[in-house]
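Structure first, commentary second.
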Amino acid sequence: SRRYQRDVVKFQPEIVAVTLGTNDLSDKVPPEMFKKNYSSLIEGIKAGSPKSLVIAFGILHRKDLPPWKVSEYDNIIKEVATLYKIPYVYTYDWLNEEDFLDIVHPSLASQPKLKDKFYLSIKRILEK
């Protein structure tokens, strides 16, 4: 889908934080298809909103999958970020087991922690 055109490009934001992959893992999207879709999204955002700083955020910890499975998709995100020369932020260790409402959704109580992590990551990138 080209939803990013309506939700992102239309507004020409200064910063675009891309946080994708968790649902792809849940839906068992094959890694090669995930890479194709993720690459297409990044390319589309960069082409449609060339002044935006696009940041690729990795996948948060999941309680239902082994770390190697999450890493497989996270490595794709990092690879695409490198290819398109955009910052990549590792997020797997941002939350602990107790920070989740269920197997993939962060709890309400963990939101301030996530906010701080996102803020500090973006701030560090902007200061470079």
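A single entry from 118, 57 fulfils the requirement of being modelled with pLDDT of 95 or more and either of a type in the set (Lys, Arg) or open to solvent by 40 Å² or more (accessible area, probe 1.4 Å) (or both): 118.
Checked against the criteria, residue 52 does not count as more than 21 Å from residue 4 (Cβ to Cβ), touching a helix residue (DSSP H, G or I) at 6+ places or on another chain (Cβ under 8 Å), open to solvent by less than 30 Å² (accessible area, probe 1.4 Å) and among the small types (Gly, Ala, Ser). From the list 113, 117, the one residue that fits, being among the basic types (Lys, Arg), over 23 Å from residue 24 (Cβ atoms) and touching a residue at least 12 places away in the same chain (Cβ under 8 Å), is 113.
Being in contact (Cβ under 8 Å) with a residue 40 or more places away in the chain and within 15 Å of residue 57 (Cα to Cα) is the filter; apply it to segment 1-17 and report the residue that is surrounded by the fewest Cβ atoms within 10 Å (Cβ to Cβ).
Quick first cut of segment 1-17, residues in contact (Cβ under 8 Å) with a residue 40 or more places away in the chain only: 2, 4-5, 8-9, 12, 15, 17.
Restricting the remaining residues to those that are within 15 Å of residue 57 (Cα to Cα) gives 15, 17.
Working: 15: 11, 17: 14.
Residue satisfying both the conditions and the ranking: 15.
Among the residues making up segment 71-115, those that are surrounded by 13 or more Cβ atoms within 10 Å (Cβ to Cβ), assigned to a helix (DSSP H, G or I) and over 12 Å from the mean Cα position of the chain (by Cα) are 71, 72, 79, 99, 110, 113, 114.
The values are calculated or read from the model by the stated rules, or taken from the named source; none is laboratory data. Owing to the predicted nature of the structure, the values given are computational and were not obtained by experimental measurement. Please note: Cβ atoms are built from the backbone with ideal geometry, for glycine as well, and neighbour counts cover all protein chains shown. Accessible surface is based on the protein model in full, side chains and every heavy atom, while ligands, DNA and RNA are left aside. Shrake-Rupley method; radii C 1.70, N 1.55, O 1.52, S 1.80 Å.
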